[in-house]
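Chemist: Quick one: the structure is below, and I'll ask about it shortly.
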Amino acid sequence: MMAAILLAAVAARAAFLPDGLWYDEIAAFLGYSLDGPWHAATTYFSTANHVLHSVLAAVSARTLGVDELSLRIPGFLAGIGAVAAVAWLAREACGTGLAPWAAGAAALMPVAVLPATESRGYSMMMLFAALGTAAFLRARRAGGAWWLAYALACALGTWSHLVTICVPAFHGIWCVAAAMRAAAPGDRRRALAGAGAALLAGALSAAFLAPVIPGIIALRDDFRALDGNEPTLLGPEGAAMLWSIGGTWWAWPSVAAMPLAIAGLHRARHDRAYRQALVLSLGGALVALAFPILLGSWLYARFLAFTVPGIALLLGGGAQALAARHRTAAAAACACAVAAWVACLATLGPRQQLREATDLLAAAMRPGERAVAVGLPDDVHRWYAVARGIDLPGCGAYGRDMLPAVEDRSVHWVMFLYPRAMPEALGALRARGFEERARLPGWIDWGGGEIVLLERR
C-alpha cells in the first residue's frame, strides 16, 4: 500500500518539475546557492535564504548542473520523504490503521504537492515537522534518545525555514502546561523531559544558524510590516491559511474536502490519542500567527507548511472514521476530495512564466531593437535572457529607473514583472506609447506572478 501511495506522490509532483523557475527560486539560487554550499550556509542578506535548502540546492547544482530539475530535486525528495514521515506520524499517533489514510492525503493534497515542486525550503518544513512530531510522540512513550532525535528534527526544520521554530515552541508550551496539571509523578517527568527537548531544539537551531544570525539581526526590520505591501491576515494569504484545512489554498477544491475535515474533527472529540496528535501537529500555527497579530510581522500561507502533516492527519483520520461507519459514504467523500485536488493541480498552470516570456521576446525582437525589464529588486529576468542571448537590463527596484531607460528610442520592448504591484509604472509606459502585446498569467501570489510584454507603437 505505501509503495503505491509513494508512486502516486511522485506522479503528482513530477509533472511540475520541468516548469520554468519563478522569481524566488532564481533570486535564492543566485544570491546564495550559486557560490557553493558554504556561502549558502554562512550568508544572509535577505529573507530568501532557506538555509539548509540553499545548501542542498548548491550541492545538487554542482553535481548535476544548473537547470530546473537539479535546483528542485532537494525539495522534491523532501516532499516524497514527507509523505513517508506522515505515515510514521500516523502510526505513532493511532497505530498502523491510520497510516495509509494520512499518507494518501499527503500524497495528493495540493498544499503538500506544490511545495515539493519548487526550489525552496517549504517541503523540508513539512518533512522535519512530521519527523519531529512523530519522534515527540515516540519519546513520550520510550524516552531516551528519541528526545534527541526530536530536537534534531526540529532544528533541521528551523535551518530549512525560520518559521519552523514554531513547532518546538508550541511543543514546549504544551509540555509546560501538561507538567503544571500532571497528577502522577511519571506524567510530570515526561512533560518536563519534553519541555527540555524543545529547549534543546531551540539551542540546536541556534547552533545551525549561528553563521547567519548576524545577518538575520541586521535585517530585523525586514521581518516587520513597515512598507504596507506585506501580506496581511485579512487578505488572500489569511484566506489561504483557512482554506488549507481542506488540503488546498483555494476555496472550491477545499470545500470538496470539507466532509473529510468535519469527520476528522468529529473523531477528535472522542479519540484522545488522535486529538493529541492533531494538537501537536497543528498547534505551531498559533505561535506563527502571534507574529503578525501581536508583533507587527507578516506571514505567507506557505510559511505554515509545517502544518501540512497535521492537515493530512485530520483529513486521513476523517476518511478512516467515515470508512469504519459507512464505506459508501467514505468512498464518495474521498473520491470528491481527490477529484477536486487533482483538478486543482491539473488546471493551475505555472507559477510564473519567465521562461515563456523570454522566449516570446526573443522571437519578436527585430535587429536593432532593445528591451528592458521592470520588476522587483532582484534582476531575475536575466536568468533566461542570458541563456537566450538577449541583453535585458533591469530598471532598478520597482522600476526606479524605468522612465529614463525608455527615453532611448531604441528600446522597443519592456518585460514587466508583477504589474499588479506597480500599476502606476505600467500606466506610465502606456502613456509613453507602449502597447501590451502579451500577458502571461502566473498563479503565485494569487495571480500577481503574471508578466506583461509591451512594445513601443
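What follows is calculated from the coordinates using simple rules that are stated; it is not laboratory data. Quantities reported herein were computed from a predicted structural model and do not represent experimental measurements. Positions of Cβ are generated from backbone atoms using ideal geometry, with glycine treated the same way; all protein chains shown enter the neighbour counts.
Chemist: Using mean projected area of the Cα convex hull in nm² as the read-out, say which of (i) 22.5; (ii) 37.9; (iii) 26.2 was calculated from these coordinates.
Modeler: The value computed from this structure is option (i).
Chemist: Amide H of C395 versus every other amide H placed in the peptide plane: which residues, excluding those fewer than 5 positions away on the same chain, fall under 5 Å?
Modeler: A373, G375
Chemist: Return the equivalent ellipsoid semi-axes of the stretch 225-346 as a descending list in whole Å, where each equals the square root of 5 times an eigenvalue of the C-alpha gyration tensor.
Modeler: Here the semi-axes work out to 29, 18, 9 Å.
Chemist: Which distance in nm do the two modelled labels at A14 and A363 give, with both placed 7 Å along the Cα-to-Cβ direction?
Modeler: According to this spin-label approximation, the distance is 2.8 nm.
Chemist: Please give the calculated 222 nm ellipticity per residue for the chain, where each DSSP H segment of at least 4 residues contributes -39500 (n - 2.57) and the sum is spread over every residue; nearest 500 deg cm²/dmol?
Modeler: Value at 222 nm, helices only, nearest 500: -19500 deg cm²/dmol.
Chemist: How far is helix 68-94 tilted, in degrees, relative to the longest principal axis of the Cα atoms in the chain, given as a value from 0 to 90 rounded to the nearest 10?
Modeler: In the chain, helix 68-94 runs at an angle near 20 degrees to the longest axis.
Chemist: Taking Cα atoms, how many degrees apart are the long axis of helix 122-142 and the longest axis of the chain, rounded to 10 and kept between 0 and 90?
Modeler: The angle comes out at about 10 degrees.
Chemist: Here's a follow-up. Please report the antiparallel percentage of the DSSP beta bridges confined to the chain, to the nearest 5.
Modeler: That works out to approximately 60 percent antiparallel.
Chemist: Per-residue HN-Hα couplings for the stretch 339-350, Karplus 6.51 cos²θ - 1.76 cosθ + 1.60 at θ = phi - 60°, whole Hz, x for Gly and Pro?
Modeler: With coefficients 6.51, -1.76 and 1.60, one gets 4, 5, 5, 5, 5, 4, 5, 6, 9, 6, x, x Hz.
Chemist: If I take all pairs of Cα atoms in the stretch 271-322, what percentage of them are more than 12 Å from each other?
Modeler: Of all Cα-Cα pairs in the stretch 271-322, 66 percent lie more than 12 Å apart.
Chemist: Shifting gears a bit: Quote the charge dipole size of the stretch 2-348 about the Cα centre in Debye, to the nearest 20; the model charges only the Cβ of Lys and Arg (+1) and of Asp and Glu (-1).
Modeler: The dipole of the stretch 2-348 has a size of about 1640 debye.
Chemist: Once phi is turned into ³J(HN,Hα) by the Karplus curve 6.51 cos²θ - 1.76 cosθ + 1.60 with θ = phi - 60°, what whole-Hz value does each residue of the stretch 49-61 show in order, with x for glycine and proline?
Modeler: For the stretch 49-61, the Karplus curve yields 7, 8, 4, 4, 4, 4, 4, 5, 5, 5, 5, 4, 5 Hz.
Chemist: Further question on the same structure: Name the residues of the stretch 301-329 whose amide N is less than 16 Å from a point 7 angstrom out from the Cα of H270 along the C-beta direction?
Modeler: 317-327
Chemist: Among M422, M124, M1, rank each residue by its count of other Cβ atoms within 10 Å, from fewest to most, as a rough exposure measure.
Modeler: Final ranking by Cβ density, sparse to dense: M1, M422, M124.
Chemist: Over the stretch 354-456, one equal point on each Cα, no solvent: what is log10 I(q)/I(0) by the Debye formula at q = 0.16, 0.21 Å⁻¹?
Modeler: These q points yield log10 I(q)/I(0) values of -0.60, -1.10.
Chemist: Let me ask you something else. Treat every Asp and Glu Cβ in the stretch 340-457 as -1 and every Lys and Arg Cβ as +1, leave all other atoms uncharged, and give the resulting dipole magnitude about the Cα centre to the nearest 20 debye.
Modeler: In debye, rounded to 20, the stretch 340-457 gives about 200.
Chemist: Quick one: helix 308-325 against the long Cα principal axis of the chain, what's the angle to the nearest 10°, folded into 0 to 90?
Modeler: With rounding to tens, the tilt is 50 degrees.
Chemist: When only C-alpha pairs under 8 Å and at least 6 residues apart count, what is the relative contact order of the chain, in percent?
Modeler: 15 percent
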